[in-house]
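For reference, the structure discussed in these notes is given below.
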Amino acid sequence: MKQRDDWHLTGDIEHESGRGDPFAAAIRATRMPMVITDPRLPDNPIVFANEAFQNLTGYGREEIIGRNCRFLQGPETDEGAVATLREAIAGENAVQIDILNYRKDGSKFWNALYLSPTRGVDGDVQFFFASQLDVTDRIEAQRQITEQKEIVEVEVQKRTLALKEALQAKTLLLHEVDHRVKNNLTMIGSLLRLQSRQIGDPAISSKLDAMLERVDALATVHRRLYQSDDITRFDVGAFTANLVADVIGASGRTDIKVDADVEELEIPSSKASALGLIINELVTNAVKHAFANGRSGTLHVFARAIDGRAILRISDDGLGMPKADTLVDGLGRTLVARLSRQVGGTTSWHGATSGTTVTIDLPAGG
Amino acid sequence: MGRRHTPLRFLVVEDEALLAMDLGMMIEDAGHHVVAEAGCLREVQGLDVGIAPDVAFVDLHLAEGSSGLDVCAHIKQNWGDAIIVFVTANPRKLRVDHPGAHGVIAKPFSRNGIMSALRYITEGICDPPPSASTPPDFTAFPALAATWKD
Ligand SMILES: Cc1cc2nc3c(=O)[nH]c(=O)nc-3n(C[C@H](O)[C@H](O)[C@H](O)COP(=O)(O)O)c2cc1C
Ligand SMILES: Nc1ncnc2c1ncn2[C@@H]1O[C@H](COP(=O)(O)OP(=O)(O)OP(=O)(O)O)[C@@H](O)[C@H]1O
Ligand SMILES: [Mg+2]
């Protein structure tokens, strides 16, 4: 079978015919490998193949013309890709696929094949046209990337596992340290309590009791931290509710009602001890001063995150703060002032005859 | 189990001397009696059966490598009416349905925490059910509420 040059001369293509046809010349000369097949001949054989196609495959024109293109396929060609081509051709659709082909010398190359039917004016398929591009480099690069990615992924997995193990060891150590701190805090509290009952002087003994409550507040902070799942955050809302219930409960002051409006309020655990002490001072002050001499009343507790700020409020409807000129600051108010500054917050006291309100405002984050 | 009256009889099982003393004194401050103290299982086993404690405070990790859980079993067997409350730094190691256990107080404890718990337990034993809600430092197990029914 001879190469046909008449494929472009069919009556349907309305342009100048003959050897000088610029389209035919272009297709012959382009560096893009191209073939044309005739589906009306048995087994849809190649009727035209340009120079570039011959260079790509290593076959001479006589070896190409008259054969079905599947002669480029070989043992490692993907069956699925061949099936895709078969279906597209049967359905007279254009198709684009990367397929493994073989040259005459047996060497493999990746063929980025694009083929499409060419229809006459009557709508019937007259030819199939295809271009073949050697994309071996691209596919190879892709394969390498995939391989590298797999290696990296395995490596990442290994590292993650190692880090997880390290974290586990660290958590274990942390829990051990925590455990000891906790035991020491319990002992310090017990020591102070034992000493306190030896002291005859009620003034000194009451100071020692106040100190004891501070140690106990720290112990409570520590216990809550240790029991929480995330040791980097501290729920100061729950802590406040806890402390208020403890202090009022243990005082036996059933005449002091508690009205708690607390939500989960997380702060960094580095600020937990300071805030624990602050709240302890405010609550014990209320019991000691606002509701002194058996005066009954309600202690309002409020804790909420508002616009990224942690807002804590302890207010009583007790006796109210003494006038400025008679107010003598004890350790309590001094601690509150210093510690709120330490945690980057502010404390405002609002004293009225109707009671005292103290508001702590600090950044909830880092 | 007949209704009991204050002062209640307490057994304190704690190997840390300071804590045992401290707990003992808070119990006395609350108006009760400590009828015996022990630091390990062996000492508990050596106690006179006649002490008949109403409440036992039991640490989990005890001297001589003994366990509060074994102490709990011993108490349950010898003084079946005793309310057993664990006082431990590892409250999470306990199951709420551990046989014989009625609740747990977490360490480090505070005076306020212990006093509220004592108040609650006392009311639960002498005049159930307790008027106040469960104090925050005390976790009551279902077995405790079960004793209020009879
Ligand atoms: C115009 C045209 C060009 C084609 N070019 C190639 C090609 O370069 N490489 C290839 O493996 N298959 C090519 N094919 C597909 C095969 O010729 C054949 O259609 C495919 O293998 C599916 O049919 P089969 O299952 O009968 O082999 C081409 C098909 C047509 C119509
Ligand atoms: N909630 C309150 N209601 C009424 N007065 C209060 C209240 N809080 C504080 N005060 C007054 O402010 C004073 C200073 O309080 P501060 O906490 O600094 O010291 P203190 O409680 O007297 O002693 P310390 O806290 O050192 O044991 C108190 O003596 C009391 O007169
Ligand atoms: Mg004070």
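Can you find a residue in the stretch A:330-349 that is within 16 Å of ligand 3 (Cβ to nearest atom), among the basic types (Lys, Arg) and away from every other protein chain (no Cβ under 14 Å)? Reasoning before the result, please.
Keep residues of the stretch A:330-349 that are within 16 Å of ligand 3 (Cβ to nearest atom), which gives A:330-340, A:347, A:349.
Narrowing further to those that are among the basic types (Lys, Arg): A:333, A:338.
Okay, now just the ones that are also away from every other protein chain (no Cβ under 14 Å), so A:333, A:338.
Yes.
Would you mind finding the one in A:ILE231, A:ILE145 that is on the phi < 0 side of the Ramachandran plot, outside any helix (DSSP H, G or I) and open to solvent by 40 Å² or more (accessible area, probe 1.4 Å)?
Numbers: A:ILE145 fails: outside any helix (DSSP H, G or I).
Residue meeting the stated conditions: A:ILE231.
Looking at the stretch A:327-337 only, could you name the residues that are outside any loop (DSSP other than H, G, I, E, B) and near ligand 2 (Cβ under 8 Å from one of its atoms)?
Across the stretch A:327-337, the qualifying residues are A:LEU331, A:GLY332, A:ARG333, A:THR334, A:LEU335, A:VAL336.
Consider only pairs whose beta carbons are under 7 Å apart and that are at least six residues apart or on different chains; among these, list those whose first residue lies in the stretch B:1-26 and is at the interface with another protein chain (Cβ under 9 Å from one of its Cβ atoms) and within 12 Å of B:CYS126 (Cβ to Cβ) and whose second residue is β-branched (Val, Ile, Thr) and surrounded by fewer than 21 Cβ atoms within 10 Å (Cβ to Cβ).
none
Do we have any residue at all in the stretch A:251-259 that's among the small types (Gly, Ala, Ser), open to solvent by 10 Å² or more (accessible area, probe 1.4 Å) and within 12 Å of chain B (Cβ to nearest Cβ)?
Going residue by residue through the stretch A:251-259, those that are among the small types (Gly, Ala, Ser) are A:251-252.
Okay, now just the ones that are also open to solvent by 10 Å² or more (accessible area, probe 1.4 Å), so A:251-252.
Retained after the next criterion (residues that are within 12 Å of chain B (Cβ to nearest Cβ)): A:251-252.
Checked against the condition, which is being among the small types (Gly, Ala, Ser), open to solvent by 10 Å² or more (accessible area, probe 1.4 Å) and within 12 Å of chain B (Cβ to nearest Cβ), the stretch A:251-259 yields at least one hit.
Any chance you could count how many residues in the stretch A:210-237 are more than 9 Å from chain B (Cβ to nearest Cβ) and among the aliphatic types (A, V, I, L, M)?
Counting residues in the stretch A:210-237 that are more than 9 Å from chain B (Cβ to nearest Cβ) and among the aliphatic types (A, V, I, L, M) gives 6.
The rows are residues; the columns are (1) open to solvent by 30 Å² or more (accessible area, probe 1.4 Å); (2) hydrophobic (A, V, I, L, M, F, W, C); (3) modelled with pLDDT under 90; (4) not assigned by TED's automatic domain parsing to the domain that holds A:GLY237.
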| residue | (1), (2), (3), (4) |
| --- | --- |
| A:ASP316 | no, no, no, no |
| A:VAL328 | yes, yes, yes, no |
| A:VAL336 | no, yes, no, no |
| A:ARG341 | yes, no, yes, no |
| A:TRP349 | yes, yes, no, no |
| A:THR353 | yes, no, yes, no |
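Of the residues in the stretch A:54-98, how many are within 17 Å of A:THR37 (Cβ to Cβ) and more than 51 Å from the chain's Cα centre (by Cα)?
Going through the stretch A:54-98 one residue at a time, the tally reaches 11.
Does A:ALA324 fit the bill of being modelled with pLDDT under 95, of a type in the set (A, V, I, L, M) and in a loop (DSSP other than H, G, I, E, B)?
Numbers: modelled with pLDDT under 95: yes; of a type in the set (A, V, I, L, M): yes; in a loop (DSSP other than H, G, I, E, B): yes.
In short, yes.
Looking at the stretch A:260-283, which of its residues are within 14 Å of chain B (Cβ to nearest Cβ), open to solvent by 10 Å² or more (accessible area, probe 1.4 Å) and either in contact with a strand residue (DSSP E or B) (Cβ under 7 Å, 6 or more places away or on another chain) or more than 23 Å from A:ALA337 (Cα to Cα) (or both)?
If the condition is that a residue be within 14 Å of chain B (Cβ to nearest Cβ), open to solvent by 10 Å² or more (accessible area, probe 1.4 Å) and either in contact with a strand residue (DSSP E or B) (Cβ under 7 Å, 6 or more places away or on another chain) or more than 23 Å from A:ALA337 (Cα to Cα) (or both), then A:ALA260, A:VAL262 are the ones that fit.
Considering only the stretch A:197-209, how many residues are within 14 Å of another protein chain (Cβ to nearest Cβ) and modelled with pLDDT under 85?
The qualifying residues number 1.
The values are calculated or read from the model by the stated rules, or taken from the named source; none is laboratory data. Not measured: the values here are computed from a predicted model. A quick note on method: Cβ atoms are made from the backbone with ideal geometry, for glycine too, and the neighbour counts reach across all protein chains shown. Side chains are part of the model used for accessible areas, which takes the heavy atoms of the whole protein and leaves out ligands, DNA and RNA. Shrake-Rupley method; radii C 1.70, N 1.55, O 1.52, S 1.80 Å.
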